[in-house]
């Protein structure tokens, strides 16, 4: 595969090429991010490699090797020991479906590969619940693409109940009618 365009374009192309290549990229991305997280933990703690090594009872070259180990040979136990020596600990470890992570990485290759970023992306893809006005529009299609006119409190309450919404709005008929009329004219009146 010959690179074209930006790095992000190359990543998108790689992720879309074949499943094995995508899995290898996602694996390497995770391993790199895990080690970089330890590196930043040490730096954020204001520790040198020698100081961290002293806390762990090892020599400084051991820490230098650990911070360059993007192959994944650091054990989970050692990873947690290093994090604790930096005054931090991993909080949550999320396992997500490979296909969803692949889509996430394809759509925004530069995005952080964190649970929070993934969950925000996933939430943005979920359909939003209908608002009361959208429910009314869905329950009574209008060819003029306008909001349905509430001619009376009773008809508005019936439409709300028919849409499966809370009928508390009908207890305030003047507010309901005013807001529907205001939305239709593009002006909200309280």
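With no solvent and one point per C-alpha, what does the Debye sum give as log10 I(q)/I(0) for the stretch 1-54 at q = 0.15, 0.16, 0.17 Å⁻¹? Here the Debye-derived log intensity ratios amount to -0.59, -0.63, -0.66. Between residue 56 and residue 92, what FRET efficiency follows from the Cβ-Cβ distance if R0 is 30 Å, with the result rounded to 0.05? Plugging the Cβ-Cβ distance into 1/(1 + (r/R0)^6) gives 0.80. Counted by neighbouring Cβ atoms within 10 Å, the residues 31, 101 run from fewest to most as 31, 101. Using R0 = 25 Å, the C-beta based FRET efficiency linking residue 39 and residue 6 works out to 0.45. For the stretch 38-90, the Kirkwood estimate of the hydrodynamic radius, built from every pair of different alpha carbons, is 10.9 Å. Percent of Cα pairs in the stretch 12-105 per distance bin of 10 Å, from zero to the largest separation: 15, 42, 25, 16, 2.
Values in this text are rule-based calculations from the coordinates and carry no lab data. Just so it is clear, the structure is predicted and the values come from calculations on it, not from any experiment. When we count neighbours, we look across all protein chains shown, and the Cβ atoms used for this are built from the backbone with ideal geometry, even at glycine.
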